[in-house]
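Undergrad: Take a look at the following structure, please.
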Amino acid sequence: MPLQKTLYLDVIDELGNPLYHENDNTIHKHGLLHKEIMVWFYTDAGGVFFKMRNRKSLMFPEMLDVTVGRHVDINKPVEETVVEAIKKQTYMDISIDKLEYLGEFVDFAEDKMTNLTNNSLNYIYAYNFQRDSTNLMQETVPGDGFYEFNIKEFEDMEDSYLKRFVCFNEDSEGDASFLAIKSHLKRQNII
């Protein structure tokens, strides 16, 4: 497994209250509950952007994932984490008031390749991306990149192809974050 910088996070209870600090390797080895943020970029035409995870990622390497995602650091507000993550991963300055809050969901995902578990309380946001996808930048790490899929494409996608997406790792209908963006697009009359 690739060596990564050790990151300490809050292990939390079901209500999001911090219990103690632990390193991310131990958190994922034992499936301890922690906080993460997720931001879906979407278009008025029903496009949803996925980010290719780096081949050196601790979990789900080289799989397509939510547009922007990140652990919430110890003692850092969720909203601050969201803005910082967008800036770091897309080079875009987007204030929190430009995002649509979709809710909080507990997600449990097992990575069968690495035998690690992500048990996280996810704070899900959406952003209506108004520019051409070629303007969406990414961290300068080989293997990263953004890919746009129309949300309707997933209705007829074969299970073997769905397995390339982290959000379809456990369920062919999609995880809570994917279902949240899909519901959001329906409420917006985009799909």
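The values are calculated or read from the model by the stated rules, or taken from the named source; none is laboratory data. Keep in mind the model is a prediction, meaning the values are calculated, not measured. Backbone-built Cβ (ideal geometry, glycine too); neighbour counts: all protein chains shown. Only protein heavy atoms, including side chains, enter the accessible area calculation; ligands, DNA and RNA are left aside. Shrake-Rupley method; radii C 1.70, N 1.55, O 1.52, S 1.80 Å.
Undergrad: In this structure, is Met1 within 18 Å of Asp175 (Cβ to Cβ) and either at pLDDT 95 or above or not in a helix (DSSP H, G or I) (or both)?
TA: For Met1, the condition - within 18 Å of Asp175 (Cβ to Cβ) and either at pLDDT 95 or above or not in a helix (DSSP H, G or I) (or both) - is not met.
Undergrad: Take region 64-88 and flag every residue that is open to solvent by 30 Å² or more (accessible area, probe 1.4 Å) and hydrophobic (A, V, I, L, M, F, W, C).
TA: Ile74, Val83
Undergrad: Then there is this: Scan (1) free of Cβ contacts under 8 Å to residues at least 60 places away in the same chain; (2) assigned to a loop (DSSP other than H, G, I, E, B); (3) open to solvent by 60 Å² or more (accessible area, probe 1.4 Å) for the single condition Glu170 breaks and write down its number.
TA: Checking Glu170 against (1) free of Cβ contacts under 8 Å to residues at least 60 places away in the same chain; (2) assigned to a loop (DSSP other than H, G, I, E, B); (3) open to solvent by 60 Å² or more (accessible area, probe 1.4 Å), the one that fails is (1).
Undergrad: Looking at Asp93 and the list (1) more than 29 Å from Leu162 (Cα to Cα); (2) touching a strand residue (DSSP E or B) at 6+ places or on another chain (Cβ under 9 Å); (3) modelled with pLDDT under 95, which single condition is not satisfied?
TA: (2)
Undergrad: Mind checking whether some residue in region 58-78 is modelled with pLDDT of 95 or more, assigned to a helix (DSSP H, G or I) and either closer than 26 Å to Ile151 by Cβ or of a type in the set (S, T, N, Q) (or both)?
TA: Yes, because at least one residue in region 58-78 is modelled with pLDDT of 95 or more, assigned to a helix (DSSP H, G or I) and either closer than 26 Å to Ile151 by Cβ or of a type in the set (S, T, N, Q) (or both).
Undergrad: Go over the candidates Tyr101, Tyr147 one by one and state the one that is assigned to a strand (DSSP E or B), at pLDDT 95 or above, farther than 24 Å from Tyr20 by Cα and open to solvent by 40 Å² or more (accessible area, probe 1.4 Å).
TA: When all the criteria are applied, what remains is Tyr101.
Undergrad: Then there's this: Taking His21 and the conditions (1) more than 17 Å from the chain's Cα centre (by Cα); (2) within 27 Å of Phe149 (Cβ to Cβ), which numbered condition does it fall short on, given that it satisfies the others?
TA: It is condition (2) that His21 fails.
Undergrad: Also, quick follow-up: Would you check if Val11 is assigned to a strand (DSSP E or B) and free of Cβ contacts under 8 Å to residues at least 24 places away in the same chain?
TA: Yes; evaluated as a whole, the condition is true for this residue.
Undergrad: Select from region 104-134 the residues that are outside any strand (DSSP E or B) and open to solvent by 80 Å² or more (accessible area, probe 1.4 Å) and list them in ascending order.
TA: Lys112, Met113, Asn115, Gln130, Arg131, Asp132, Thr134
Undergrad: Let me ask something else about it. Being of a type in the set (Asp, Glu) and under 14 Å from the mean Cα position of the chain (by Cα): is that true of Asp73 here?
TA: When the stated conditions are applied, Asp73 does not pass them.
Undergrad: Here's a follow-up. Go over the candidates Asp10, Asp44 one by one and state the one that is acidic (Asp, Glu) and either open to solvent by less than 30 Å² (accessible area, probe 1.4 Å) or touching a Gly at 6+ places or on another chain (Cβ under 8 Å) (or both).
TA: Asp10
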